[in-house]
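Have a look at the structure below before the remarks.
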Amino acid sequence: MLITPDSATLQTLAAEHVARSLADAVALRGRALVALSGGSLPPGVFRWLCSEPLRSQVPWHGLSIVWADERLVPFDAPESNYYLTRQTLLDHVPIPADQVFPVATYYPGPQAAMLYQRQLEALLSIHGGQLDLVLLGMGPDGHTASLFPGFAQLDAPPTQLVAAVEHAPKPPPERVTLTAHALNLAREVLWLVAGSDKAPKVYAALHGPHDPHNTPAQLVAPRAGQVTWMLDAAAAALLIG
Ligand code: 6PG
């Protein structure tokens, strides 16, 4: 766990961590499958990754990119996680376009989820069955990706890696999300959480009674992977007293 004084420092250190982790993954396995999230912190992390000295340290050509969750909006909508990632990362680095796998948000949610499941299964089969790095944020309600408290996707069967979501409490309401089973195929999960409104659920995720319907973040526990929490001091306030 790393606790930083503020969210700007968190983003800088997270970018350094991500660059190292991707370089290691590609050095070891020749390629890396990476799942990205939306939210307020990734853009700052991506901007550092696009700038020297990190830009030259990341083996961009070896990366394949998927999303931990996506909002069911057009590819060029400001709410799109794909769009956000394009603007802040993909347009500025040499990741081959055919190694970027956005959710097909032009289809209705269930079809988009079904296609993404097939896409993810195909990618996993050439990446040793694991996602090399999964970046996750957490909402003040304990949601992560688009796994929201009390929602049915929390109880997806083990073979279901992707689910459609309707009526999400965080807008926009229609989404596609990786399930906890998919997130738990990670070799590494990196949590990025900042802000005092997150403090109670950070505490619940790490030290609360197991109650994933209240705190979905508790479902993230990779079978063969490590979990790193990067928090700013405000989000960590209840951990450090
Ligand atoms: C999304 C996200 C979501 C996000 C958290 C944290 O697309 O909405 O993937 O799970 O990571 O809500 O977001 P903030 O850092 O903005 O609070």
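Summary of computed values
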{"item": "Accessible area of region 2-240 belonging to carbon and sulfur atoms, whole % at 1.4 Å probe", "result": "57 percent"}
{"item": "Charge dipole of the chain about the Cα centre (unit charges at C-beta), most positive-ward option of M1, A168, V26", "result": "V26"}
{"item": "Whole-Å distance, taken between Cα centres, linking region 147-202 and region 47-86", "result": "19 Å"}
{"item": "Nonlocal amide H pairs with G195, under 5 Å, H built at 1.01 Å", "result": "D232, A234, A235"}
{"item": "Net charge, Y116 excluded, C-beta distance under 11 Å - Lys, Arg +1, Asp, Glu -1", "result": "-2"}
{"item": "³J(HN,Hα), Karplus 6.51/-1.76/1.60, whole Hz, each residue of region 224-236, x for Gly, Pro", "result": "9, x, 9, 10, 10, 9, 10, 10, 8, 4, 5, 6, 8"}
{"item": "Projected label distance in nm at E79 and R47, using a 7 Å step from Cα toward the beta-carbon", "result": "2.4 nm"}
{"item": "Burial ranking of peptide ranges 142-152, 162-172, 190-200, 63-73 (average Cβ count within 10 Å, highest at the top)", "result": "63-73, 142-152, 190-200, 162-172"}
{"item": "Per residue accessible area in Å² of region 25-166, where ligands, DNA and RNA are left out and the probe is 1.4 Å", "result": "41 Å²"}
{"item": "Listed peptides 99-105, 205-211 by packing density, highest first (mean Cβ within 10 Å)", "result": "99-105, 205-211"}
{"item": "Hz values of 3J(HN,Hα) by residue in region 4-16 - Karplus curve (6.51, -1.76, 1.60), Gly and Pro given as x", "result": "10, x, 8, 6, 5, 5, 4, 5, 5, 5, 5, 4, 5"}
{"item": "Table column - 3J(HN,Hα) (Hz), region 106-118, Karplus curve with 6.51, -1.76, 1.60, x for Gly and Pro", "result": "7, 9, x, x, x, 5, 4, 5, 5, 5, 5, 4, 5"}
{"item": "E188 long-range amide H proximity, modeled H, under 5 Å", "result": "L133, V134, Q226"}
{"item": "Potential lengthening between V227 and I240 on full extension [0.36 nm per residue; Cα-Cα distance subtracted]", "result": "2.8 nm"}
{"item": "Order by protection proxy (mean Cβ within 10 Å, highest first), peptides 33-46, 15-28", "result": "33-46, 15-28"}
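The values are calculated or read from the model by the stated rules, or taken from the named source; none is laboratory data. As the structure is a computational prediction, the values presented were derived from the model and not from experiment. No Cβ is skipped: glycine too gets one built from the backbone with ideal geometry, and neighbour counts run over all protein chains shown. Accessible surface areas use protein heavy atoms only, side chains included; no ligands, DNA or RNA. Shrake-Rupley method; radii C 1.70, N 1.55, O 1.52, S 1.80 Å.
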